[in-house]
Every structure is written in structure tokens, then in C-alpha cells.
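Scroll down for the structure; my scribbles are underneath it.
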Amino acid sequence: MTWTAPQTERSGAPAAAGERDMLQGWLDFHRDTLLVKCAGLTPEQLVRAGTPPSTLTLLGLVRHLTEVERWWFRRRFAGEPIGDLHCTEDDPDADFNDLDPAAAEADFAAFRAEVAACDAVAADRGLDETFTATDGRTLNLRWVYVHLIEEYARHNGHADLLRQGIDGATGA
């Protein structure tokens with residue numbers, strides 16, 4: 001049986017909550033939305049580019065957001081000495097460019113693992129806790145949450161269009 005992207009039950013977007021719960025809830029909602037856009041597709045469908053010459057694909061978005069989570073929560077905020085998963089010095093866009101349909105299941109597992117690791121890093125830390133970005137700016141954990149929410153929201157719009165181009169599915 002051929003692997004397909006698993007069905008995902010999307011968490012509900014929070015309506016009234018404290019700041020921390022609101023930020024985590026919206027981030028979880030957007031994480032789940034990306035996976036909902038991929039659900040039921042084969043690896044070959046997940047690597048199908050929507051508008052050549054663009055290399056934007058659903059699997060590329062999963063890989064990219066895995067890198068983004070890792071970069072901001074673990075590498076920058078927590079200062080963990082870990083490298084990229086997909087990107088290289090020779091190809092900083094390898095998360096989009098170096099796709100292998102045979103690795104799709106592993107890429108989805110890496111996404112889930114990275115999300116769990118990022119949640120663990122942030123769980124007991126204060127939203128006002130700061131770190132220095134590579135460009136010298138002082139940022140805080142709150143900024144990371146807001147940035148990730150906007151990053152997912154933007155890319156989920158791309159995912160809507162990509163999914164519709166693959167099989168006509170819209171919504172969700």
C-alpha cells in the first residue's frame with residue numbers, strides 16, 4: 001500500500017484565552033492547517049509544483065516550516081547548537097529544491113518531531129524572555145510566536161492554491 005499524507009484533526013482556533021494560550025492555540029491551528037492541506041495526497045502529489053518555474057510544493061512547505069520552527073525556537077531562542085535539516089550552504093533553499101517523494105513520510109515525521117521539540121523548548125519559558133537575532137536585534141519569545149503564526153498563515157494560503165491545483169480540493 002502506498003503511503004499518503006495522514007489525515008489530521010485540526011485544533012480549534014482559540015476565541016477567548018490568555019496571551020500564552022492564544023499564541024500557542026493559533027500556532028497549533030496553523031500547523032494543523034498545513035497538514036490538513038496535505039492529507040490524503042501521495043508523495044508524487046506532494047512534490048507537484050503549482051506554477052513552474054516555481055519550486056513551491058506542499059512537501060516543500062512542510063520541509064520549509066520544519067526548518068523555520070527549528071531556526072527560531074531551537075537555534076535562535078534556545079541557542080541549541082544544531083544545524084539545518086534540509087538546507088545547506090550550497091543550497092539554502094534545499095527545503096524547497098531537493099525533494100524526494102520516497103522521503104515524504106520521513107519528512108512528515110521530521111515535521112512532527114520538530115514541532116514537539118519546539119513546543120518543549122518554549123513550554124516553561126516566559127514570553128518576555130529575550131535573545132539576540134543574527135542581525136543584532138533583541139527579540140523575545142512572543143515575537144517568535146507571532147512570526148511563526150504569520151509565516152504559517154502566509155504559507156497556508158500558498159497551500160490552498162497548491163492543493164486546489166492538485167485535486168480541486170478547497171476549504172478547510
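Looking at segment 66-147, the GluC sites (Glu not before Pro) that sit in a DSSP loop and have at most 14 other Cβ atoms within 10 Å of their own Cβ are Glu89, Glu129. Name the most mobile residue of Gly126, Gly83, Gly136, meaning the one with the largest mean-square fluctuation, in a Gaussian network model of the chain with Cα contacts below 10 Å. Result: Gly136 has the largest fluctuation of those listed. At a probe radius of 1.4 angstrom, the accessible area of the chain per residue rounds to 49 square angstrom. Note on the chain: with charges restricted to the Cβ of Lys and Arg (+1) and Asp and Glu (-1), its dipole about the Cα centre is near 420 debye.
Listed by number, the DSSP H helices of the chain that run 24 Å or longer by alpha-carbon position along their axis and have mean Kyte hydropathy of at least -1.0 are 19-38, 104-122, 141-167. When the chain is treated as a GNM with alpha-carbon contacts under 10 Å, the residue of Val146, Val62, Val36 showing the greatest mean-square fluctuation is Val146. What separates the Cα centres of segment 142-172 and segment 28-91 is a distance of 11 Å. Rounded to the nearest 10 square angstrom, Asp90 shows an accessible area of 150 square angstrom against a 1.4 Å probe. One equal scatterer on each Cα of segment 46-129, no solvent, Debye formula: the resulting log10 I(q)/I(0) at q = 0.12, 0.15, 0.27 Å⁻¹ is -0.38, -0.57, -1.31. With all pairs of separate Cα atoms included, segment 82-170 yields a Kirkwood hydrodynamic radius of 15.8 Å.
Identify which of Thr42, Thr51, Thr33 has the largest mean-square fluctuation in a Gaussian network model of the chain, with springs joining Cα atoms closer than 10 Å. Maximum fluctuation in the GNM of the chain, among the listed residues, is at Thr51. Helical runs (DSSP H, four residues minimum) scored at -39500 (n - 2.57) apiece and divided by the length of the chain put the mean residue ellipticity at 222 nm at -16000 deg cm²/dmol.
Restricting everything to alpha-carbon atoms, can you work out Rg to Rh for the chain with a Kirkwood hydrodynamic radius? Ratio of gyration radius to Kirkwood radius for the chain: 0.97. Computed in the context of the full set of protein chains, the accessible area of the chain at 1.4 Å probe radius has 52% of its extent on carbon or sulfur.
The values are calculated or read from the model by the stated rules, or taken from the named source; none is laboratory data. Bear in mind the structure is a predicted one, so any value in this text is a computation, not a measurement. Here Cβ is always computed from backbone atoms with ideal geometry, including for glycine, and neighbour counts include all displayed protein chains. Each accessible area value is taken on the protein alone, full model and side chains, heavy atoms only, with ligands, DNA and RNA left out. Shrake-Rupley method; radii C 1.70, N 1.55, O 1.52, S 1.80 Å.
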